[in-house]
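*Asks:* This structure is in structure tokens; I'll ask about it shortly.
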Amino acid sequence: MSALPIPSASDRLHTPLAVLHEVFGYSAFRGQQGPIVDHVCAGHNALVLMPTGGGKSLCYQVPALVRQRRGQGATLVVSPLIALMQDQVSTLEQLGVEAAFLNSTLSSEAAQDIERRWRSGHLSLLYAAPERVLTPRFLAMLDSLHERGLLSLVAIDEAHCVSQWGHDFREDYLGLSQLASRYPGVPRLALTATADALTRADIVDRLALQGAQCFVSSFDRPNIRYTIVEKEDPRAQLLGFIREGHQNEAGIVYCATRKKVEETAVWLSDHGIRALPYHAGLDLAVRQNHQQAFVEHDSRDGGLVMVATIAFGMGIDKPDVRFVAHLDLPRTVEGYYQETGRAGRDGEPAEAWMVYGLADVVGQRRLIEDGQASEDFKRVLRGKLEAMLTLAEAHDCRRQRLLSYFDEASEPCGNCDNCLEPPEMWDGTEAARMALSCIYRMAQHGAHNGARSFGAAHLIDVLRGKPSPKVRQYGHDQLSTYGIGRHLSEALWRAVLRQLVAQGHVVTEVELPTLLLTESARAVLRGEVPLTMKQPREQLKLAERNARPTRRSSASNSRSAHDWIVAQARFERLKTWRTAQSKAQGRPPYVIFHDSTLAEMAARQPRDADELATISGVGAHKLEAYGTDLLALM
């Protein structure tokens, strides 16, 4: 057997590890970086799915330098955003790598100089947007490089943009498929942080990557804590979230509309939180200044919050974003994952926090139905929205739900709201039947008098027997279901309706809007399908904060529907009494008793003055003044 040749010093300088150490200063690759780099250096195509902060850039930057050192030419990087290109090139220049970008920020002289360096093969990497790459001028330059053997690799970053099922579809990406046939033998690498199975298949098809090896890293970001709460007063809830845990830190707040972005930024600023707005409708210079201020922000100078639409974030490589908050429900799980992934890129603890309500579902469904897309496309979008609703209404580990969406198995994480404070569950079957029956009666009534338009707030008014002007106008106070749910709180009814929508038993008709029953609601109405529901977390905290001596076992974690309904009815009686006292005395309700005090009374049901005196917030004076009234309400 002949001896293997000993690699020369020159050959050793061309290895991926040598480049990684010499250029980037790392001693070893992380996770799947090594296999990906070896695969691409060998001239093979690949699709890479790696979470934000996982080191995707090295997966093409190292092969680019290795292949150039081996005399195989330069690398084209297709990138969708100017900010992303500039950040990458700036980083590479600091490392001594010959890299450049071509975009609209350059003068004609600067662009011509870069084109000259590119054509001559002096650049290691050139970044360009897809719309520029597909111009005749740019393709002619690629043709010339390819003919001379100087086109080594094509890397397509943010590859989910090519998919119609992706959360950030860009039509310009579609033309990139021609690179496969135009430059045979040139390896192509597509990279993204977010893609479900449907999106992955679409990426492969639209970029002509059939046969490419797919590398899927774990989607888990264990340093991020996930929390989703019921939407009550979203701005106040956001302010409390920031003040309680992120007062002097950098964060991003996502809103659905430009108007909401600007109003929220002003509101936060008025309440002592430094905040900047960002959306596509702002002047370019303003957007650039705000983005620069955020990226360059130093936490030693206090906190800074960027309030933005989803136009902000892609390519923002700021490591110390400590939280990402959503004031509106994202359209897809992919979008949610991508946006929350901008927190904690440094690996330190970070939070993903969101408020969510039934109106979010109605709004998102309206966007789908009002769109000009085909019915097949709308059906997929509905499925993606339902997946997002399932995550929002989950009562088990959110991280498990999130990862399972991307086909990744995991164990309960211990670092999400549901793991840290498991929600109380209750048998909501009867409440669900009340709600469904009321929707049915209202629809029947509307068919006779033409009054068909009613939403969740109106339904809850009917269920709770609230004689609002609209209820009287439509004659819904004459229905047999009027007031059948007055013993349940408004918050609990909102939770019931959200979960009925999330489970597909109720849908919203977009045009009116109106709540409608689905086929599956029939079995629920007949009592054939039991429904275990999650209690509203905020109410649970009020009612249970001081009333739970020990953590319940999983077997007893669900209280009976009867116990919960009785406690809720008691809580509502106490609040009604407090409202009357407030009006009589001309004092704010919280001066009489805080919600937390009333909730503890409702949960513990004190039987005499001695037990009442042990409730937090009941002092001797209030015991003497209100004790008799309160005990009578128990």
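Okay, residues lined up against (1) surrounded by 17 or more Cβ atoms within 10 Å (Cβ to Cβ); (2) over 28 Å from R342 (Cα atoms):
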residue: A74; (1), (2): yes, yes
residue: V78; (1), (2): yes, no
residue: A100; (1), (2): yes, no
residue: A110; (1), (2): no, yes
residue: D113; (1), (2): no, yes
residue: Y127; (1), (2): yes, no
residue: A159; (1), (2): yes, no
residue: S163; (1), (2): yes, no
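*Asks:* List, please: which pairs have Cβ atoms under 9 Å, are six or more places apart or on different chains, and start with a residue in the range 420-439 that is over 21 Å from Q478 (Cα atoms) and end with one that is of a type in the set (D, E) and at pLDDT below 90?
*Replies:* E424/E544; W426/D563
*Asks:* Still on this structure, I have one more. Return the pairs, sorted by first residue and then second, in which the second residue is among the small types (G, A, S) and outside any strand (DSSP E or B), the first residue lies in the range 318-334 and is farther than 17 Å from Y356 by Cβ and outside the structural domain of A275 (by TED's automatic domain parsing), the beta carbons are less than 7 Å apart, and the residues are 6+ apart or on different chains.
*Replies:* That search, which allows pairs on different chains as well, returns nothing.
*Asks:* Let me ask something else about it. Report every pair of residues separated by at least 6 positions or lying on different chains whose Cβ atoms are under 6 Å apart, first residue within the range 574-603 and over 15 Å from L633 (Cβ atoms) and surrounded by 12 or more Cβ atoms within 10 Å (Cβ to Cβ), second at pLDDT 70 or above and polar (S, T, N, Q).
*Replies:* As it stands, the answer is P589/S582, since those pairs meet every condition given.
*Asks:* Suppose the filter is touching an Asp or Glu at 6+ places or on another chain (Cβ under 9 Å), touching a residue at least 24 places away in the same chain (Cβ under 8 Å) and over 24 Å from R398 (Cα atoms); does G175 pass it?
*Replies:* Values: touching an Asp or Glu at 6+ places or on another chain (Cβ under 9 Å): yes; touching a residue at least 24 places away in the same chain (Cβ under 8 Å): yes; over 24 Å from R398 (Cα atoms): yes.
So G175 fits the description; yes.
*Asks:* Tell me which helices (runs of 4 or more DSSP H) are completely within the range 324-437 and hold 2 or more residues being within 17 Å of the chain's Cα centre (by Cα) and surrounded by 20 or more Cβ atoms within 10 Å (Cβ to Cβ), or say none if there are none.
*Replies:* Numbers: elements: 333-340, 358-370, 375-393, 398-405, 417-420.
By residue number, 333-340, 358-370, 375-393, 398-405.
Residue-wise test of (1) at pLDDT 90 or above; (2) buried (at least 20 other Cβ atoms within 10 Å of the Cβ).
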site: L17; (1), (2): yes, no
site: V23; (1), (2): no, no
site: S27; (1), (2): no, no
site: D38; (1), (2): yes, no
site: N45; (1), (2): yes, yes
site: V48; (1), (2): yes, yes
site: V66; (1), (2): yes, yes
site: R69; (1), (2): yes, no
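*Asks:* Another question, if that's okay. Examine the range 113-125 for a residue that is in contact (Cβ under 8 Å) with a residue 60 or more places away in the chain, in contact with a Ser or Thr (Cβ under 8 Å, 6 or more places away or on another chain) and not β-branched (V, I, T), and state whether such a residue exists.
*Replies:* Within the range 113-125, one or more residues are in contact (Cβ under 8 Å) with a residue 60 or more places away in the chain, in contact with a Ser or Thr (Cβ under 8 Å, 6 or more places away or on another chain) and not β-branched (V, I, T).
*Asks:* Out of (1) more than 29 Å from Q164 (Cα to Cα); (2) under 20 Å from the mean Cα position of the chain (by Cα); (3) modelled with pLDDT of 90 or more; (4) surrounded by fewer than 16 Cβ atoms within 10 Å (Cβ to Cβ), the odd one out for P234 is which?
*Replies:* (4)
*Asks:* So, one more: In the range 231-257, what count of residues is obtained for those that are in contact with a Gly (Cβ under 9 Å, 6 or more places away or on another chain) and either among the β-branched types (V, I, T) or on the phi > 0 side of the Ramachandran plot (or both)?
*Replies:* Final tally of qualifying residues: 2.
*Asks:* Enumerate the pairs (first residue in the range 147-161 and closer than 14 Å to R206 by Cβ; second residue anywhere and crowded, with 24+ Cβ neighbours inside 10 Å and of a type in the set (F, W, Y)) with beta-carbon separation below 9 Å, excluding pairs fewer than 6 apart on the same chain, so at least 6 apart or on different chains.
*Replies:* Taking only residues 6 or more apart or on different chains, the pairs are I156/Y173; E158/Y173; A159/Y173; C161/Y173.
*Asks:* Tally time: how many residues in the range 166-209 are buried (at least 22 other Cβ atoms within 10 Å of the Cβ), part of a helix (DSSP H, G or I) and either of a type in the set (V, I, T) or outside the structural domain of V40 (by TED's automatic domain parsing) (or both)?
*Replies:* 2
*Asks:* Anything in the range 89-102 that is assigned to a helix (DSSP H, G or I) and closer than 12 Å to A128 by Cβ? List them, or say none. Let's see the steps before the verdict.
*Replies:* We begin by selecting, within the range 89-102, every residue assigned to a helix (DSSP H, G or I); these are 89-94.
Matches in the range 89-102: V89 only.
*Asks:* Could you list, in sequence order, all residues of the range 598-610 that are under 22 Å from T576 (Cβ atoms) and charged (D, E, K, R)?
*Replies:* Within the range 598-610, E600, R604, R607 qualify.
*Asks:* Something else about it: Exactly one condition in (1) without any contact (Cβ under 8 Å) to a residue 12 or more places away in the chain; (2) hydroxyl-bearing (S, T, Y); (3) part of a loop (DSSP other than H, G, I, E, B) is false for T105; which is it?
*Replies:* T105 satisfies every listed condition except (1).
*Asks:* Now, a different point. Kindly evaluate G347 against the criterion of being out of contact with any helix residue (DSSP H, G or I) (no Cβ under 6 Å at 6 or more places or on another chain), in contact (Cβ under 8 Å) with a residue 12 or more places away in the chain and at positive phi. Explain how you work it out, then say what you get.
*Replies:* Working: out of contact with any helix residue (DSSP H, G or I) (no Cβ under 6 Å at 6 or more places or on another chain): yes; in contact (Cβ under 8 Å) with a residue 12 or more places away in the chain: yes; at positive phi: yes.
Considered against the rule, which asks whether it is out of contact with any helix residue (DSSP H, G or I) (no Cβ under 6 Å at 6 or more places or on another chain), in contact (Cβ under 8 Å) with a residue 12 or more places away in the chain and at positive phi, G347 comes out as yes.
*Asks:* Could you please find all residues in the range 127-139 being within 32 Å of the chain's Cα centre (by Cα) and either under 12 Å from L76 (Cβ atoms) or not assigned by TED's automatic domain parsing to the domain that holds L207 (or both)? Lay out the reasoning, then the answer.
*Replies:* Within the range 127-139, the subset within 32 Å of the chain's Cα centre (by Cα) is 127-133.
If the condition is that a residue be within 32 Å of the chain's Cα centre (by Cα) and either under 12 Å from L76 (Cβ atoms) or not assigned by TED's automatic domain parsing to the domain that holds L207 (or both), then Y127, A128, A129, P130, R132, V133 are the ones that fit.
*Asks:* Then there's this: Give me the residue from the range 31-71 that is over 28 Å from the mean Cα position of the chain (by Cα) and part of a loop (DSSP other than H, G, I, E, B) and, out of that set, nearest to T192 (Cα to Cα).
*Replies:* N45
*Asks:* Checking the condition in contact with a Ser or Thr (Cβ under 6 Å, 6 or more places away or on another chain) and in the same structural domain as A343 (by TED's automatic domain parsing), which residue from H279, H271 passes?
*Replies:* Numbers: H271 fails: in contact with a Ser or Thr (Cβ under 6 Å, 6 or more places away or on another chain).
None of the others qualify; the one that does is H279.
*Asks:* Next up: Going by the structure shown, is D113 in the same structural domain as F169 (by TED's automatic domain parsing) and within 33 Å of the chain's Cα centre (by Cα)?
*Replies:* On the way: in the same structural domain as F169 (by TED's automatic domain parsing): yes; within 33 Å of the chain's Cα centre (by Cα): no.
Considered against the rule, which asks whether it is in the same structural domain as F169 (by TED's automatic domain parsing) and within 33 Å of the chain's Cα centre (by Cα), D113 comes out as no.
*Asks:* Can I ask one more? Give me a count of the residues in the range 129-141 that are surrounded by fewer than 21 Cβ atoms within 10 Å (Cβ to Cβ) and in contact (Cβ under 8 Å) with a residue 40 or more places away in the chain.
*Replies:* 4
*Asks:* Restricting the search to the range 269-286, which residues are in contact with a helix residue (DSSP H, G or I) (Cβ under 7 Å, 6 or more places away or on another chain) and in contact (Cβ under 8 Å) with a residue 24 or more places away in the chain? Break it down into steps so the answer makes sense when it comes.
*Replies:* Step one: of the range 269-286, the residues in contact with a helix residue (DSSP H, G or I) (Cβ under 7 Å, 6 or more places away or on another chain) are 271, 273, 275-279, 281.
Scanning the range 269-286 gives H271, I273, A275, L276, P277, Y278, H279.
The values are calculated or read from the model by the stated rules, or taken from the named source; none is laboratory data. Note that the structure is predicted; figures quoted are calculated from it, not measured. All Cβ positions, even for glycine, are placed from backbone atoms using ideal geometry, and neighbour counts span all protein chains on display.
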